[in-house]
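Asks: What follows is a single structure, and I will ask about it in a moment.
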DNA sequence: TTTTAAATAATAATAAATACTATTTATTTC
DNA sequence: GAAATAAATAGTATTTATTATTATTTAAAA
């Protein structure tokens, strides 16, 4: 997803345009992987040294709400990445740096209907590993 | 896994026997699902009112290390359940109460070797839902 | 340009998890 | 069985992620 498209999406949801929001999205376009709140905070501080950590928290939540970013849990920490809604897929994730690679298999294809006693609301399939860079 | 077997396993790893540890394991045998640290703390307090929350944290970590309990993340909180190593499987989890049901499909069966650039170290496949009791 | 409603900064408050230390207890050795 | 010792525990403090609060600033509308 391009930054402009994401910002447009945000606008449609009633959120205002701000330079900082644009910058946050820009950061995600440059990274092929998950970033923690602190990661984003450190990066955006280079351009906006006075930005508040709270602002980063808030905006990442808004982006998640607007389905611009998607999240997962890495080592007990919430991490974010650009959402790719174009096609449903899963990821292999480097547990060291958060880098991801798409997997075009969805195990839900083999699940038909709801198991007795449960109503399915979602699922998660993630493969964890170590990328070659982190392996060195 | 029976409590005795688990305690034996713990002993083999060099941990001592204590009543509190046995009680914690007992709690897990009575529950078919994930429990948070606080859940366990509340339950064991009925028998050992002076037990420290820290002790629960420590012991759950030891149990995880000894592969007696397994963990996942539910709503950003670490939760524990009895590990069933007998056969590899996955779960459908009630996001309300943590109740689980086994699924006998493993998506890793369809993954051959390591994707280029990554060394696989683990995986997670979980289906989320709402159990009938919580749906009421 | 004025208005106003949202965004932000700064700070405080929560909550989960970990760290530390003195005391107690399970197990070993005699 | 008693003494020694190494681990377990309680109690407390600390750290860290996250959320809440409030005054100020700013984007967008009138």
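The values are calculated or read from the model by the stated rules, or taken from the named source; none is laboratory data. The structure presented is a predicted model; accordingly, all values stated were derived computationally and were not measured. Ideal geometry is used to build each Cβ from the backbone, glycine not excepted, and the neighbour counts take in all protein chains shown.
Asks: Only strands (runs of 3 or more DSSP E) wholly contained in region B:52-129 count here; list those with 1 or more residues that are within 16 Å of DNA strand D (Cβ to nearest atom) and within 12 Å of the chain's Cα centre (by Cα).
Replies: Correct list: B:69-74, B:77-82.
Asks: Could you grab me the full set of residues in region A:26-40 that are closer than 15 Å to residue A:69 by Cβ, within 15 Å of DNA strand C (Cβ to nearest atom) and without any contact (Cβ under 8 Å) to a residue 40 or more places away in the chain?
Replies: Selection gives A:26, A:27.
Asks: Now for a different question. When only residues in region B:39-51 that are in contact with a helix residue (DSSP H, G or I) (Cβ under 8 Å, 6 or more places away or on another chain) and in a helix (DSSP H, G or I) count, which is farthest from residue B:130 (Cα to Cα)?
Replies: Checking each candidate, the answer is B:44.
Asks: Does region B:26-37 contain any residue that is within 17 Å of residue A:76 (Cβ to Cβ) and within 16 Å of DNA strand D (Cβ to nearest atom)?
Replies: Scanning region B:26-37, I find at least one residue that is within 17 Å of residue A:76 (Cβ to Cβ) and within 16 Å of DNA strand D (Cβ to nearest atom), so the answer is yes.
Asks: Working only within region A:121-135, note down all residues that are closer than 16 Å to residue B:98 by Cβ and surrounded by 15 or more Cβ atoms within 10 Å (Cβ to Cβ).
Replies: Within region A:121-135, A:124 is the sole residue that qualifies.
Asks: Applying the selection to region B:81-135, what residues are farther than 30 Å from residue A:135 by Cβ and more than 12 Å from every other protein chain (Cβ to nearest Cβ)?
Replies: B:81, B:82, B:84, B:86, B:87, B:98
Asks: Considering only residues that are surrounded by 14 or more Cβ atoms within 10 Å (Cβ to Cβ) and more than 15 Å from DNA strand D (Cβ to nearest atom), which ones fall in region A:1-25?
Replies: Hit for region A:1-25 is A:1, nothing else.
Asks: With respect to residue A:16, determine if the residue is assigned to a helix (DSSP H, G or I) and either in contact (Cβ under 8 Å) with a residue 12 or more places away in the chain or under 18 Å from residue A:3 (Cβ atoms) (or both).
Replies: So residue A:16 fails the test.
Asks: Let me ask something else about it. Within region B:51-80, can you find the residues that are crowded, with 18+ Cβ neighbours inside 10 Å and either within 9 Å of DNA strand C (Cβ to nearest atom) or within 14 Å of chain A (Cβ to nearest Cβ) (or both)?
Replies: B:56, B:60, B:72, B:73, B:74, B:79, B:80
Asks: Hey, another quick one. Which one of A:122, A:117 is under 18 Å from residue B:73 (Cβ atoms) and outside the structural domain of residue A:30 (by TED's automatic domain parsing)?
Replies: Of the residues listed, the single one that is under 18 Å from residue B:73 (Cβ atoms) and outside the structural domain of residue A:30 (by TED's automatic domain parsing) is A:122.
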